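Asks: Before I ask anything, let me first share the structure, which is written out below as structure tokens.
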Amino acid sequence: MEKDQILTLKEAAELLKVSQETVINLVSQDEIGGKKIGNQWRFDRQELKKWKSSQKKKNVEQDALDNVVKRFFQYINKDHIITDLKAIHRFDVLAKMSKFAKDLKICRNQSWLFNMLHSREKLLSTGVGNGIAFLHPRKIHSRKIKESGVMLGICKSGIEFRSIDKMPVSLFFLILMKSEKEHLFVLSYLSQLFRNNSLRDKIINAPDKKTILELLKLKYNQTITQTQE
């Protein structure tokens with residue numbers, strides 16, 4: 001294969017006329033192929049051109065975004081949200097969210113999940129800053145998880161959670177996936193979503209669960225940080 005047949009992430013985005021983030025989203029949906037070598041993505045020019053010519057919709061960017069949002073909402077609905085999480089301390093959060101996952105029949109064993117989350121927090125806090133935490137076990141345990149799901153617990157007053165910015169956490173996302181690929185997709189989605197710091201406060205002050213779900217839809221009117229080539 002000729003050298004110019006292999007494209008960087010930036011070149012692939014230019015060829016498809018979409019953002020670099022959309023290219024990564026298309027890879028996560030298995031729409032296009034891509035290989036990551038270290039921190040760099042590489043793509044086959046001919047494969048991308050073939051995929052592009054097969055698309056009927058003119059707005060590939062919006063089409064890809066719609067598909068990403070649709071995929072994320074396979075994992076969460078209004079029943080997966082606690083709008084008033086009553087917890088005293090960080091380990092109480094883990095206990096309450098573990099019970100929630102068991103009640104939803106997403107996790108098979110509440111005690112096991114609590115222990116996994118507890119071990120993860122002892123290793124390194126999942127509080128990523130800006131009042132948000134992404135709770136999850138260290139590894140994928142497909143046999144312990146009945147179905148992949150994302151749950152959200154909202155504590156308006158905030159709880160000390162040893163976050164990287166040392167600020168209290170108000171939004172606790174519990175991410176339980178049956179595969180590594182699903183897990184990485186959800187983490188990527190939520191990370192993109194919360195680049196907008198004002199979103200946290202909008203969710204905390206939302207009047208109902210329907211509004212919260214609407215706020216969790218990824219939109220490209222946010223400032224998107226360029227992904228490394």
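Read the figures in this text as sums done on the coordinates, not as results from a lab. No experiment lies behind these values; they were computed from the predicted model shown. All Cβ positions, even for glycine, are placed from backbone atoms using ideal geometry, and neighbour counts span all protein chains on display.
Asks: Over region 120-217, what is the mean sequence separation of C-alpha contacts under 8 Å (at least six apart), divided by residue count, expressed as relative contact order in percent? Mind showing how you got there, number by number?
Replies: Values: 142 pairs, mean separation 27.6, N = 98.
In percent, rounded to a whole number, it is 28.
Asks: Now for a separate question. To make sure I understand, if each residue's beta carbon is the centre and we count other beta carbons within 10 Å, what order do 45, 90 fall in, fewest to most?
Replies: Ranked by crowding around the Cβ, least crowded first: 45, 90.
Asks: Another question, then. Gain in length, residue 219 to residue 142, computed as 0.36 nm per residue apart minus the alpha-carbon separation, to one decimal in nm?
Replies: Going from the current span to full extension adds 24.7 nm.
Asks: Using the 10 angstrom Cβ neighbour count as an exposure proxy, how do 8, 126 rank, fewest first?
Replies: Values: 8 15, 126 23.
In increasing order of surrounding Cβ atoms, one gets 8, 126.
Asks: Further question on the same structure: Once you have the Cα-Cα distance between residue 195 and residue 45, take 0.36 nm times their residue separation minus that, and quote the gain in nm to one decimal. It would help to have the intermediate numbers written out before the result.
Replies: Numbers: separation 150, 0.36 × 150 = 54.00 nm, distance 3.08 nm.
Net length gain for the segment: 50.9 nm.
Asks: Same structure again: Return the loop-located trypsin sites (Lys or Arg not before Pro) in region 158-224 (DSSP other than H, G, I, E, B) with at most 15 other Cβ atoms within 10 Å of their own Cβ; answer none if there are none.
Replies: When the trypsin sites (Lys or Arg not before Pro) of region 158-224 are filtered for loop state and at most 15 Cβ neighbours within 10 Å, 162, 166, 195, 217, 219 remain.
Asks: To the nearest 500 deg cm²/dmol, what mean residue ellipticity at 222 nm is calculated for the chain from DSSP H runs of n ≥ 4 alone, each contributing -39,500 (n - 2.57), summed and divided by the residues? Mind showing how you got there, number by number?
Replies: Details: 9 runs with 96 residues, N = 229.
That calculation yields -12500 deg cm²/dmol at 222 nm.
Asks: Taking K and R as +1 and D and E as -1, what net charge do the other residues with C-beta under 14 Å from the C-beta of residue 122 add up to?
Replies: +3
Asks: Right, here's the next one. For the chain, what does the relative contact order come out to in percent, with C-alpha contacts under 8 Å and a separation of six or more?
Replies: RCO, the chain: 19 percent.
Asks: Going by how many other Cβ atoms sit within 10 Å of their own, how do 150, 18 line up, fewest first?
Replies: 18, 150
Asks: Measuring from centroid to centroid over Cα atoms, what is the spacing of region 157-211 and region 32-90 in Å?
Replies: 17 Å
Asks: Rounded, prolate or oblate: pick one for region 77-121, where a ≥ b ≥ c are the square roots of the eigenvalues of its C-alpha gyration tensor, a/c under 1.5 means rounded, and failing that, prolate if a/b is larger than b/c, else oblate.
Replies: oblate
Asks: Residues with beta-carbon under 12 Å from that of residue 93, excluding residue 93: net charge, scoring Lys, Arg +1 and Asp, Glu -1?
Replies: Result for the neighbourhood of residue 93: +2.
Asks: If you don't mind, there's one more thing I want to ask. Considering the convex hull of the alpha carbon atoms of the chain, report its projected area averaged over all viewing directions, in nm², one decimal.
Replies: Across all orientations, the chain yields a mean hull projection of 13.5 nm².
Asks: Let me ask you something else. Can you bin every Cα-Cα distance in region 3-72 into 10 Å intervals starting at zero and give me the percent of pairs per bin, rounded to whole numbers?
Replies: Reading the bins upward from 0: 20, 59, 20, 1.
Asks: Taking region 86-157 on its own, what percent of its Cα-Cα pair distances exceed 19 Å?
Replies: Tail fraction, whole percent: 29.
Asks: Can you give the local net charge around residue 203? Use residues other than it whose beta-carbon is closer than 11 angstrom to its beta-carbon, Lys and Arg +1, Asp and Glu -1. Don't skip to the end; give the middle numbers.
Replies: Working: positive: 156, 200, 202, 209; negative: 201, 214.
Net charge in that neighbourhood comes out at +2.
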